[in-house]
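Supplied in C-alpha cells, the structure appears directly below.
The values are calculated or read from the model by the stated rules, or taken from the named source; none is laboratory data. Because the structure is a prediction, the values reported are computed rather than measured. Cβ placement follows ideal geometry from the backbone for every residue including glycine, while neighbour counts extend to all protein chains displayed. The area values use the complete protein model at the heavy-atom level, side chains included, leaving out ligands, DNA and RNA. Shrake-Rupley method; radii C 1.70, N 1.55, O 1.52, S 1.80 Å.
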2 protein chains.
Amino acid sequence: MDITTATCTWTEHTLRTLARAGYRSSGARAEVIDGLAELGCSVTAREIADLLREKGSGVGLASIYRALDLLDRLSLVQRFEVGEGVARYEPAHPGGEHHHHIVCGTCGKVEGFEDEGLEQAIHRLSDRVSFAVAAHDVTLHGECPGCRGAD
Amino acid sequence: MDITTATCTWTEHTLRTLARAGYRSSGARAEVIDGLAELGCSVTAREIADLLREKGSGVGLASIYRALDLLDRLSLVQRFEVGEGVARYEPAHPGGEHHHHIVCGTCGKVEGFEDEGLEQAIHRLSDRVSFAVAAHDVTLHGECPGCRGAD
DNA sequence: GTGAATGCAAACTCTTTGCATGACT
DNA sequence: AGTCATGCAAAGAGTTTGCATTCAC
C-alpha cells in the first residue's frame, strides 16, 4: 500500500469534492485535511489537534470535530472505534477498497490490515441476514510483536 | 439459540465464578447480573439502570459500572461498541461460542448474528498477521427490515 | 469487628453547541 | 454585504473516582 501517493490523491480528491459541494476549504478545514493525510491511518481528533498545534496552527478542537464530521458525512473519511470510547478517523478511498484494524491490548497501537477472504465471508453473510448491509467494521484484538517480546 | 436456558446457566456460572474468586455477590452486583441475564444481548449501562429502577431497586449507576467492569475483567461479559460512543455489554458464554452485531443506522436497533464462514476467515487471517490475535469484533451496519419498509 | 461493596456527588474525558468574531465570494 | 467558517467557552453525555456509610462474613 503506497500511503504517500494514496493520501496525496485523497487530499486532492477531498478538496475537489468539498469545493464541488459548495464548501470553502481554506483555513481550519484545509489544515485538518492536511493533518489527516499526514497522519494517515486511525487517528483521533486529539492527535490531529496535537499535530496542528506543533506546527504552530491556531486551529481549535471544535473546528477539527466540525471538519471531521463534514468529511464523514461526505464519505471522505471513515469513522470508527476500536473499543476505547474514542472516535478514530482515516482517509476513505473513493474506490471503496478499505482495510480493518488490529489493536494491541497492551500498548494500544492500532494497525491496519486487508484480507480478501474476510471481505468475501462478509459479502456472503450479508445476503443471509435480514438487514440491508451497507458497511462493516472488523476489529481484531491482540498483542503486537513489540509487546509480545517484552512479556 | 435458547436464550432462556443459556442465560440461566450464565447467571449460575457467573455467581459461582465470582464466589470462587472471593467476591461477594449479593446486593448491587447480583442485581446487575440478573439484569444482564434478563436483557440479554447488547445492553448499555443505562439500560440496566433503567430496568433496575423500574423494579424499584436503588442500585446506583456507579455500582453498575463497577460490576460490569469486574465481570469484564473476569471474562464473564463481553464489552463492545458499535460506533455510538457508548459501551455495550452482554453475557459471555464460557464455551467461547459468540456472535457479532448488526446495527440499524436509522433506528439504532442492534441484533446478533452468528456465521461460521466469518469465524473461519478470521481464524485463517489470524495466522497471517504479526499480532497475536486474542479476540475479534465484527459490526455490520445497515438498515433493519422495519426501517427498510418505512422508507 | 474488619474489610469489601455501595451510593452519592464530584471529577474527567470526549464531543457538541451557542455565540460573537473573522474570512471568503 | 452577506454568508459561511472559526475560536472560545459552556454545555452534554458517558464513565470513573473519592469518600463516608452500609453490609457481609
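Out of the residues in region A:28-42 that are over 20 Å from A:Phe80 (Cβ atoms) and more than 11 Å from DNA strand C (Cβ to nearest atom), state the one that is most open to solvent (accessible area, probe 1.4 Å).
That would be A:Asp34.
Another question, then. Looking at region B:45-61, can you tell me whether even one residue there is among the small types (Gly, Ala, Ser) and within 14 Å of another protein chain (Cβ to nearest Cβ)?
yes
Here's something else I'd like to know. Which of the residues belonging to region B:82-101 are within 12 Å of DNA strand D (Cβ to nearest atom) and under 10 Å from the mean Cα position of the chain (by Cα)?
Scanning region B:82-101 gives B:Ala87, B:Arg88, B:Tyr89.
If you don't mind, there's one more thing I want to ask. Checking the conditions here, which among B:Arg46, B:Arg24 is more than 13 Å from the chain's Cα centre (by Cα), basic (Lys, Arg) and at pLDDT 95 or above?
That would be B:Arg46, the only listed residue that is more than 13 Å from the chain's Cα centre (by Cα), basic (Lys, Arg) and at pLDDT 95 or above.
Still on this structure, I have one more. Report, by residue number, each residue of region A:58-83 that is within 11 Å of DNA strand C (Cβ to nearest atom) and either under 17 Å from A:His99 (Cβ atoms) or touching a residue at least 60 places away in the same chain (Cβ under 8 Å) (or both).
The answer is A:Arg79, A:Phe80, A:Glu81.
Looking at region A:106-116, can you tell me whether even one residue there is more than 13 Å from every other protein chain (Cβ to nearest Cβ), over 23 Å from B:His99 (Cα atoms) and not aliphatic (A, V, I, L, M)?
For region A:106-116, residues more than 13 Å from every other protein chain (Cβ to nearest Cβ), over 23 Å from B:His99 (Cα atoms) and not aliphatic (A, V, I, L, M): absent.
When A:Tyr89 is evaluated against the numbered criteria (1) more than 14 Å from chain B (Cβ to nearest Cβ); (2) at pLDDT 95 or above; (3) within 15 Å of DNA strand C (Cβ to nearest atom), which criterion, by number, is the only one it fails?
Just one mismatch for A:Tyr89, condition (1).
Just the residues that are over 10 Å from the mean Cα position of the chain (by Cα) and of a type in the set (D, E, K, R), please, taken from region A:49-80.
Once the filter is applied, which keeps residues that are over 10 Å from the mean Cα position of the chain (by Cα) and of a type in the set (D, E, K, R), region A:49-80 yields A:Asp50, A:Arg53, A:Glu54, A:Lys55, A:Arg66, A:Asp69, A:Arg73.
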